[in-house]
Amino acid sequence: MKEKVLQKFGELHGNTEGVSVYFAPGRVNMIGEHTDYNGGHVFPCALTIGTYMAVRKREDRKLTFYSMNFEDLGVLESSIDDIKPEKSAGWTNYPKGVIWAFQGKGMNPDCGLDIVLYGNIPNGSGLSSSASLEVVTGYMLKDQFGFDVSNVDIALIGQYSENQFNGMNCGIMDQFASAMGKKDNAIFLDTATLKYEYAPLVLADAKVMVTNSNVKHSLVGSDYNTRRAESEAALKDLQGVIDVKTLGDLSIEEFEAHKGAIKDETCAKRAKHAVYENQRTIRAVEALKNNDIALFGKLMNESHVSLRDDYAVSCDEIDVLVEEAWKIDGVVGSRITGGGFGGCTVSIVKNDAVDTFIHQVGSAYKARTGKTADFYVVEIGAGPSKL
Ligand code: GLA
């Protein structure tokens, strides 16, 4: 990949002298969905696929962007002195948003940049191609200009830029998973405090599989922001009767005792998901530590039902993938992963059932939806790096 992006850089800019190449990973979330902006826990891991960025400083203040994933857009130009979100700027709004956020914190790049990108995360699959693009940009800026930021800062800046520059009110999970990834480990993160702990996720007799429904999920301007608003409305009602900062502060018992305070029925369902999912995530990580994979899988299944029925972020195609997975002996657990409204499922599948899983789920999906699913065995990778 490094060679691929370097070669393109050479073609576009004459040579590759003094060019640096950086990488940041995408992520898959095992459990803890739509809990991150509700002050709850998440359990994602970084992937070995992600975004590669070749960069060289320029003599002037120009920024040039080229993505091998959007070749028809050609080279897009702007200036570091005039960064603002523009619809026509397409994907460049993500790296621009990060540069803008650094500038807002007084970290000003003192020259322009030529940037060439290549990403090997399927677009719109819900595996955080945008977060990996934000994190690789932050990591590159730190390295090129010597800015004093940690990887956690890079994650926070990425999230801030996505919220403020790109209008998507995401939580911290994706950027954190990309910036703090560790090979063969998932990250158990408390989003209320940013305290985290790594948990090895190498299973002796099973694989973590990602299945792409190939239904593109687009979160900007989607129901995602609505879900967030519904959760916040529920929290506000609850705060009238119990002293809590976030839905993640509530135990199941507390929620059940006070849920009558939530005025709107839909908001009550959203809050129920957020509270139960947070508790499920805590239990799931405990189960993993106790080597109780069966319980972990059962909690994944419950997570799906809750996301489907109470949080309403699944879609027909994803439900088909999950239902078909559940039918197979050797599938320990299966659920939608990521923001939802399309994208991927994540499943734990016993080694000797992997072939059956791919074959049976694949053909049933085709028969029931007319669409083709893609299957990947997850390799858990590390955070950002200079290659
Ligand atoms: C998207 C967001 C994350 C998180 C998930 C749902 O991926 O970017 O912050 O909210 O959805 O768990």
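The values are calculated or read from the model by the stated rules, or taken from the named source; none is laboratory data. It should be emphasised that the depicted structure is a prediction, and the values quoted were computed from it without experimental measurement. Neighbour counts are summed over all protein chains in view; Cβ atoms, including those assigned to glycine, are modelled from backbone coordinates with ideal geometry. Note: areas computed on protein heavy atoms with side chains; ligands, DNA, RNA excluded. Shrake-Rupley method; radii C 1.70, N 1.55, O 1.52, S 1.80 Å.
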Subtracting the Cα-Cα distance of Asp352 and Val202 from 0.36 nm times their residue separation yields 52.4 nm
Sites matching trypsin sites (Lys or Arg not before Pro) across the range 251-306 that sit in DSSP coil, with at most 14 neighbouring C-beta atoms within 10 Å: Lys263
Under 13 Å from the 7 Å Cα→Cβ point of Asp309, by amide nitrogen: which residues of the range 13-56? none
Two-site FRET efficiency, Arg368 against Lys182, from Cβ-Cβ distance with R₀ of 51 Å, rounded to 0.05: 0.85
Taking the solvent-accessible surface of protein heavy atoms with a 1.4 Å probe, what is the per residue accessible area of the range 210-267 in Å²? 54
So the label point goes 7 Å from the Cα of Glu59 along Cα→C-beta, right? Which residues of the range 92-118 then have their backbone N under 14 Å from it? 112
Whole percent per 10 Å bin, from 0 to the bin with the longest distance: what is P(r) over all C-alpha pairs of the range 40-84? 19, 35, 25, 19, 2
Please compute the per residue accessible area over the range 284-367 with all protein chains in place, 1.4 Å probe, rounded to a whole number of Å². 37
If R0 is 25 Å, what FRET efficiency do you get for Glu11 and Glu77 from their C-beta distance, rounded to 0.05? 0.90
I'd like the projected area of the range 177-222, averaged over all directions, using the convex hull of its alpha carbons. Report it in nm² with one decimal. 5.4
How large a share of the accessible area of the chain, in percent, is made up of carbon and sulfur atoms when the probe is 1.4 Å and the other protein chains stay in place? 47
Quick one: net charge around Gly383, please, counting Lys, Arg +1 and Asp, Glu -1 for every other residue with C-beta under 15 Å from its C-beta. -1
Give, in whole angstrom and from largest to smallest, the semi-axes √(5λ) of the equivalent ellipsoid of the range 142-213, with λ running over the eigenvalues of the Cα gyration tensor. 26, 17, 13
Ratio of the range 99-226's C-alpha Rg to 2.2 N^0.38 Å, to two decimals? 1.15
Sequence-distant or interchain residues sharing an amide H contact under 5 Å with Gly333, placed H: which? Ile348
Gain on full stretching of the segment that runs from Lys195 to Ser150 - 0.36 nm per residue minus C-alpha separation: 14.7 nm
Convex hull (Cα only) mean projected area of the range 158-294, reported in nm² to one decimal: 10.4
Using the Cβ atoms and a cut-off under 11 Å, what net charge is assigned to the surroundings of Asp205, where Lys and Arg are +1 and Asp and Glu are -1? +1
Computed Rg/Rh for the range 249-304 (Cα atoms; Rh = Kirkwood radius) stands at 1.08
If you filter the range 17-66 for GluC sites (Glu not before Pro), then keep DSSP loop positions with at most 10 other Cβ within 10 Å, what is left? Glu17, Glu59
With N set to the residue count of the range 1-103, report its C-alpha Rg divided by 2.2 N^0.38 Å to two decimal places. 1.30
Given the convex hull over the Cα atoms of the range 65-173, what projected area results after averaging over all orientations, in nm²? 6.6
Per principal axis, descending, Cα span of the range 318-373 in whole Å: 30, 24, 13
Take Met1 and Lys245, extend 7 Å from each Cα along the Cα→Cβ direction, and tell me the distance between the two endpoints in nm. 3.6
Provide the per-residue ³J(HN,Hα) series for the range 134-143, in order, calculated from phi with Karplus coefficients 6.51, -1.76, 1.60 and θ = phi - 60°, each as a whole number of Hz, with x at glycine and proline positions. 5, 5, 5, 5, x, 5, 5, 4, 4, 6
What per residue convex hull volume, in Å³, comes out for the range 84-132 when only alpha-carbon positions are used? 100
What number, rounded to the nearest 500 deg cm²/dmol, is the helix-based mean residue ellipticity at 222 nm of the chain, given -39500 (n - 2.57) per DSSP H run of at least four residues and division by all its residues? -13000 deg cm²/dmol
With only alpha-carbon pairs counted, each pair once and no self-pairs, how large is the Kirkwood hydrodynamic radius of the range 195-245 in angstroms? 15.6
When the charge dipole of the chain is computed with +1 at the Cβ of Lys and Arg and -1 at the Cβ of Asp and Glu, the Cα pointing farthest to the positive end, of Tyr22, Ser178, Val215, is that of Tyr22
Over the range 229-359, what is the mean sequence separation of C-alpha contacts under 8 Å (at least six apart), divided by residue count, expressed as relative contact order in percent? 18
Please report how far the C-alpha centroid of the range 321-368 lies from that of the range 46-95, rounded to the nearest whole angstrom. 36
If the chain between Thr266 and Trp326 were fully stretched, how many nm would it gain, using 0.36 nm times the residue separation less the Cα-Cα distance? 18.8 nm
If I histogram all Cα-Cα distances within the chain using bins 20 Å wide from 0, what percent of pairs lands in each bin? 29, 55, 15, 0
